[in-house]
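Here is the structure we will look at.
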Ligand SMILES: Cc1cc2nc3c(=O)[nH]c(=O)nc-3n(C[C@H](O)[C@H](O)[C@H](O)COP(=O)(O)OP(=O)(O)OC[C@H]3O[C@@H](n4cnc5c(N)ncnc54)[C@H](O)[C@@H]3O)c2cc1C
């Protein structure tokens with residue numbers, strides 16, 4: 001009899017699992033249950049949609065025919081209970097679905113502001129397409145907005161609001177933007193771009209209270225008592241994995257759902273993938289959460305393969321990668337680049353990985369080359385992390401070198417010399433490495 005795979009979630013974690021299962025088992029029955037009424041779309045793409053750079057239809061990663069080819073059932077519904085022993089999931093609209101193997105890929109959700117007034121009409125977040133549409137709709141009447149938080153999402157909202165002609169006051173709790181991932185120089189470049197774009201940037205500014213009239217936002221009050229008039233308050237202070245369903249079912253959870261190297265939860269037939277899966281390094285036991293599109297795809301694929309076959313395919317984390325845009329600057333962040341904690345964020349920000357904040361004794365090199373601002377973090381023999389801002393010609397080479405932990409010791413002393421031709425040296429390193437591994 002065909003095995004039935006049930007997937008909870010409609011993001012890249014669940015959809016890549018469906019692809020992997022179908023690839024491994026042509027006869028399997030695959031049912032995907034997603035609470036999002038808009039089907040499968042790119043969440044990172046929401047920033048470009050909000051900024052009026054792409055139409056809504058460009059958010060779809062698949063053409064409808066490619067989806068049909070996967071031959072699975074997509075149900076728009078919410079899973080409200082899991083019975084691990086009975087191998088069944090209860091749905092909000094009634095009914096129960098039995099499963100042989102289950103995947104939980106419920107993603108993550110924005111952490112709400114914990115200040116008086118947080119429930120007022122006009123307080124917005126950016127988790128999904130409905131939120132993006134809501135911000136666009138409200139921008140038509142709004143004049144001023146206050147954005148609080150850090151990481152990528154805060155800036156995506158800032159840029160989106162500016163594109164719709166809304167004046168923005170951006171609050172940062174500390175001295176600079178995204179201090180646990182960016183260097184001081186990079187933070188300053190981003191802040192300057194924001195100012196050039198007409199954003200009022202407020203360092204050392206805490207949101208203390210949201211002031212309302214007739215249930216609607218009319219102003220905010222900062223920690224020092226200053227009042228700023230506004231119609232909208234956007235909160236982007238971090239995200240949390242949606243673990244409630246798994247917790248209620250008795251699965252082992254900490255910040256995410258705990259999984260082994262095969263992405264199996266504490267129940268043999270239940271797997272977790274995407275943002276919600278808290279993975280463990282089998283050697284060090286170190287646990288990691290990642291809120292990254294490409295990691296969600298990778299985890300989904302591995303979980304799907306293990307579901308369709310036997311749990312023998314191990315998930316290997318690899319260096320984190322994010323190709324994004326910060327205040328209009330194309331930016332690639334690879335591997336270990338930061339340290340410590342960002343006071344503007346509770347938990348992780350979207351497009352973030354804990355592995356970015358665990359830099360050891362690396363040597364830092366910052367350089368300007370061919371329209372790009374480049375930062376390299378160099379360990380004993382290899383580049384362990386990099387940030388490329390602006391022109392992206394070097395980012396692919398750096399991705400490959402970092403992923404392969406390529407030995408760069410032959411050029412390291414020259415790279416570390418003041419005024420070194422960084423782009424040239426990285427380019428020759430990469431060519432040498434590809435020639436050796438061709
Ligand atoms: C605005 C924004 C910008 C981003 N920018 C970047 C970026 O620049 N780079 C990057 O790498 N990543 C970025 N991300 C993060 C990236 O999109 C996520 O890491 C990725 O989507 C996670 O995939 P997932 O499948 O785990 O969860 P999600 O894509 O969050 O999908 C979870 C799905 O589960 C559904 N669901 C939840 N609970 C239930 C339930 N009980 N029953 C049924 N369905 C349920 C939800 O409706 C949703 O469809 C961004 C995310 C957002 C929102």
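Put the Cα centre of region 80-103 next to the Cα centre of region 252-268 and the gap is 18 Å.
Shown here: the chain, whose C-alpha atoms stretch 68, 65, 39 Å along the first, second and third principal axes, sorted largest to smallest.
Legend: calculated FRET efficiency, residue 60 to residue 209, from the Cβ-Cβ distance at R0 = 35 Å, rounded to 0.05, equals 0.30. Placing a label point 7 Å from the Cα of residue 3 along the Cα-to-Cβ direction, the residues of region 268-300 with a backbone N closer than 17 Å are 268-273, 300.
Of all DSSP bridge pairs formed entirely within the chain, close to 60 percent run antiparallel. For the peptides 330-338, 65-73, residues were scored by their other Cβ atoms within 10 Å and the scores averaged per peptide; the highest-first order is 330-338, 65-73. Protection proxy ranking for 125-131, 17-23, using the average of other Cβ atoms within 10 Å per residue and placing the highest first: 17-23, 125-131.
Note on residue 396/residue 316: beta-carbon distance plugged into 1/(1 + (r/R0)^6) with R0 of 22 Å gives a FRET efficiency of 0.60. Projected onto its three principal axes, the C-alpha set of region 112-237 covers 43, 32, 23 Å, listed from the longest axis down.
With one equal scatterer per alpha carbon and no solvent term, the Debye-computed log10 I(q)/I(0) for region 24-114 at 0.14, 0.21 1/Å reads -0.70, -1.18.
For region 112-237, the relative contact order works out to 36 percent when only alpha carbon pairs closer than 8 Å and six or more residues apart are counted.
Extending 7 Å from Cα along the Cβ direction at residue 167 and again at residue 229 yields two label points whose distance is 0.8 nm. Each Cα pair under 8 Å and six or more residues apart adds its separation to the average, and for the chain the resulting relative contact order is 15 percent. For region 38-173, the direction-averaged projected area of the alpha-carbon convex hull comes to 11.2 nm².
Look at 103, 194 and count the other Cβ atoms within 10 Å of each Cβ; fewest to most, that gives 194, 103. Site pair residue 330 and residue 281 shows an inter-label distance of 3.2 nm when each label is modelled 7 Å from Cα along Cα→Cβ.
When 185, 425, 161, 75 are ordered from fewest to most other Cβ atoms inside 10 Å of their Cβ, what list results? Intermediate results must be reported in sequence, preceding the final value.
On the way: 185 13, 425 20, 161 28, 75 17.
Ordered by Cβ neighbours within 10 Å, fewest first: 185, 75, 425, 161.
Coordinate-derived values only; no laboratory data. Every value quoted in this text rests on a predicted model; they were computed, and no experiment measured them. Please note: Cβ atoms are built from the backbone with ideal geometry, for glycine as well, and neighbour counts cover all protein chains shown.
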